[in-house]
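First the structure, in the form of structure tokens, and then the observations on it.
The values are calculated or read from the model by the stated rules, or taken from the named source; none is laboratory data. As the structure is a computational prediction, the values presented were derived from the model and not from experiment. Cβ placement follows ideal geometry from the backbone for every residue including glycine, while neighbour counts extend to all protein chains displayed.
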Amino acid sequence: MRLQGKTAIVTGAASGFGKGIAERFAAEGARVALLDINGKGARAVADSLPGEHLALQCDVTMRSDVSGAINEAIEQFGRVDIMVNNAGWSHRNMPMLEVDEESFDRVYAINVKSIYLTTRAVVPHMREMGGGAIVNVSSTAGDRPRPGLTWYNSTKGAVNTLTKSMAVELAPDRIRVNAIAPVIGATGLLEAFMGQPDTPEIRAKFMASIPLGRFSLPSDHAAAALFLASDEAEFITGVILNVDGGRCI
């Protein structure tokens, strides 16, 4: 198994891509700490996984929650080898001037500040352990933005840049930092991305922009995150890996 003996933290692990990543990591032998604001949902996922895992309710925008959860994972598992920053949110697809300030602050807090907070909490530990792997979940929106999601797009552009900057700065500590960039998938954010009711016609319109002809699945991103977190990628850092069915070509 590719993660045997390793431990991982996954944020936003109660559903969607985070759930898929946690499931795949557990199947590959990792012990996983599942962090989510939906603590009950994280517990249900953890209970469904083979092996020893930890579910923690955590608001990734709150420093006390993040540091407390990561410290508890370290205490429970003895070490953390992998940090997956998956938690994300989007304002509804709409003209940029119609997005209110509260939504702007929220999208930056969940998509960007959360990475700042997890990094502050986990990097000192990884340095003590002699290295680690961080995988950030970005979006094709950071590379190929489209109207209606301007402020969300900008958060993912920030994720791409901070991933590369973190990779350079943390390389001497043998901490690798990469990101995956999903194309739209059938998650809880689908209708927000579309900005319209979820109908077969609207889905077909979005799907037509993906050369491989389908939305992404949690399993697609779990496979990509697994590779970047594994020892097979030991010489890969600072990469933004599009998992997009050709959308960004």
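Would you say V45 is crowded, with 19+ Cβ neighbours inside 10 Å and either outside any helix (DSSP H, G or I) or touching a Pro at 6+ places or on another chain (Cβ under 6 Å) (or both)? First the steps, then the outcome.
On the way: crowded, with 19+ Cβ neighbours inside 10 Å: yes; either outside any helix (DSSP H, G or I) or touching a Pro at 6+ places or on another chain (Cβ under 6 Å) (or both): no.
In short, no.
Could you check M94 against (1) of a type outside the set (D, E); (2) touching a strand residue (DSSP E or B) at 6+ places or on another chain (Cβ under 8 Å); (3) at pLDDT below 95 and say which number it fails?
Tallying (1) of a type outside the set (D, E); (2) touching a strand residue (DSSP E or B) at 6+ places or on another chain (Cβ under 8 Å); (3) at pLDDT below 95, M94 fails exactly one: (2).
Among the candidates F104, F25, single out the residue that is over 28 Å from D220 (Cβ atoms) and of a type outside the set (S, T, Y).
F104
When only residues in the range 161-179 that are surrounded by 19 or more Cβ atoms within 10 Å (Cβ to Cβ) and not hydrophobic (A, V, I, L, M, F, W, C) count, which is nearest to F104 (Cα to Cα)?
T163
Among the residues of the range 194-249, which ones are β-branched (V, I, T) and at pLDDT 95 or above?
Listed by number, the residues that qualify are I236, T237, V239, I240, V243.
Across the range 135-151, which residue is nearest to the chain's Cα centre (by Cα) among those that are closer than 16 Å to I180 by Cα and surrounded by 18 or more Cβ atoms within 10 Å (Cβ to Cβ)?
Selected residue: V137.
Being of a type outside the set (A, V, I, L, M) and in contact (Cβ under 8 Å) with a residue 60 or more places away in the chain is the filter; apply it to the range 17-42 and report the residue that is surrounded by the most Cβ atoms within 10 Å (Cβ to Cβ).
F25
Within the range 199-249, how many residues are basic (K, R) and either touching a helix residue (DSSP H, G or I) at 6+ places or on another chain (Cβ under 6 Å) or under 30 Å from T7 (Cβ atoms) (or both)?
Of the residues in that region, 1 qualify.
Given the options E128, E169, E191, name the one that is of a type outside the set (F, W, Y), part of a helix (DSSP H, G or I) and at pLDDT below 95.
E191
For the range 58-68, enumerate the residues that are of a type in the set (A, V, I, L, M) and surrounded by fewer than 24 Cβ atoms within 10 Å (Cβ to Cβ).
Scanning the range 58-68 gives a single hit, M62.
With the requirement that a residue be in a helix (DSSP H, G or I), farther than 26 Å from R127 by Cα and of a type in the set (V, I, T), what does the range 75-111 give you?
V107
Looking for whichever is crowded, with 21+ Cβ neighbours inside 10 Å, of a type in the set (G, A, S) and under 22 Å from P182 (Cα atoms) here; the options are A55, A14. Which one fits?
Answer to the selection: A14.
Can you name the condition, by its number, that I110 falls short on among (1) in contact with a strand residue (DSSP E or B) (Cβ under 7 Å, 6 or more places away or on another chain); (2) more than 29 Å from D231 (Cβ to Cβ); (3) crowded, with 20+ Cβ neighbours inside 10 Å?
(1)
Could you check, for the range 140-153, whether at least one of its residues is in a strand (DSSP E or B), closer than 17 Å to N242 by Cβ and β-branched (V, I, T)? Before the answer, list the steps.
Our first condition is that a residue be in a strand (DSSP E or B); within the range 140-153, this holds for none.
There is no residue in the range 140-153 that is in a strand (DSSP E or B), closer than 17 Å to N242 by Cβ and β-branched (V, I, T).
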